[in-house]
Amino acid sequence: MLTVFFQTYLKLFFILTPFFAISAFLSLTQDMTPAERRNTAMKVTVAVITISLILYLYGRYIFELFGITLDAFRIGAGAVLFLSALNMVSGAGKKFEAGKDDDDIAVVPLAMPIMVGPGTIGALLVMGSAVNGYRDMLLACSALVGAVLTVGILLFLSSSLKRLLGRRGLNIMSRLTGLLVASIAAQIFFTGLRNFMLK
């Protein structure tokens, strides 16, 4: 049970692309005071928890509504997540300009689409739909909240992390995260493809 929790936690943590999120957060909040930056980090964390839990819990109903099979969506979500991972690995991510209103940037663009982008949305829908039973769902939701809170703590400490790692260090960590996300994407894609072809 503990092993499943940590496996789910780690997958979700890396899918949220924490180091790319830190780089974007630092760029968008560079004109803010330390107190405003911490306040923004808390707002981003709450927004991401809310968005992620909705996607994770209600993904299966979205599939039913549109008549999409889980395996077909796995193929699509895996492909989109893989492309997002390639952008991180190549360092071709978007450049962000400093925001003027912390209320605006906390939800858009920081929470969505920077942390919860198309690839992350697809992965959350797929992973949530694959969980069966209330006990497993509670365990998975706890892992999801834990992963988001960890990223939130990193955002809260982003200035210290920048001093510790430097811009180059953050870029390296972001690219390593991209490799791990690419592996998760490939697993989602090929699981969907295998199941789709066996039907």
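The values are calculated or read from the model by the stated rules, or taken from the named source; none is laboratory data. A quick note: this is a predicted structure, and the numbers were derived from the prediction, not measured. Using ideal geometry, Cβ is built from the backbone for each residue, glycine included, and neighbour counts are taken over all protein chains shown. Just so you know, the surface numbers come from the protein's heavy atoms only, side chains and all, with ligands and any DNA or RNA stripped out. Shrake-Rupley method; radii C 1.70, N 1.55, O 1.52, S 1.80 Å.
In table form, for the structure just shown:
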quantity: From phi via Karplus (6.51, -1.76, 1.60), per-residue ³J(HN,Hα) for the range 40-52 in Hz, x at Gly/Pro; calculated: 5, 4, 5, 5, 4, 4, 4, 5, 5, 4, 4, 4, 5
quantity: Cα convex hull volume per residue for the range 12-71 (Å³); calculated: 105 Å³
quantity: Cα-Cα pairs of the range 108-199 separated by more than 15 Å (percent); calculated: 74 percent
quantity: Label-point separation, M137 to F190 (7 Å along Cα→Cβ), nm; calculated: 3.1 nm
quantity: Relative contact order [Cα under 8 Å, 6+ residues apart], the chain, whole percent; calculated: 46 percent
quantity: Degrees, to the nearest 10: 70-90 long Cα axis against longest axis of the chain; calculated: 30 degrees
quantity: Accessible area in square angstrom per residue, the range 127-199, 1.4 angstrom probe; calculated: 60 Å²
quantity: Accessible area in square angstrom per residue, the range 1-90, 1.4 angstrom probe; calculated: 50 Å²
quantity: Max mean-square fluctuation residue, GNM over the chain, Cα-Cα springs under 10 Å, options I68, I105, I188; calculated: I68
quantity: Residues with amide H under 5 Å from that of T29, placed H, sequence gap 5 or more; calculated: G99
quantity: Choice from N171, N132, N39 showing the highest fluctuation, given a GNM over the chain with Cα pairs closer than 10 Å; calculated: N132
quantity: Degrees between helix 134-156 axis and first principal axis of the chain (Cα, 0 to 90, nearest 10); calculated: 20 degrees
quantity: Percent carbon-and-sulfur accessible area, the range 153-199, ignoring ligands, DNA and RNA, probe 1.4 Å; calculated: 69 percent
quantity: Spin-label model distance (nm) - R168 vs S183, 7 Å beyond Cα toward Cβ; calculated: 2.6 nm
quantity: Rounded tilt (10° steps) of 158-198 against the dominant C-alpha axis of the chain; calculated: 10 degrees
quantity: Per DSSP, loop chymotrypsin sites (Phe, Trp or Tyr not before Pro) in the range 138-199 with at most 11 further Cβ within 10 Å; calculated: none
quantity: Normalised per residue, the volume of the convex hull around the Cα set of the range 136-187 (Å³); calculated: 72 Å³
quantity: Helical contribution to [θ] at 222 nm, DSSP H n ≥ 4, -39,500 (n - 2.57), averaged over the chain, rounded to 500; calculated: -27500 deg cm²/dmol
quantity: Positive-pole candidate from A106, F156, T45, dipole of the chain, charges at beta carbon; calculated: F156
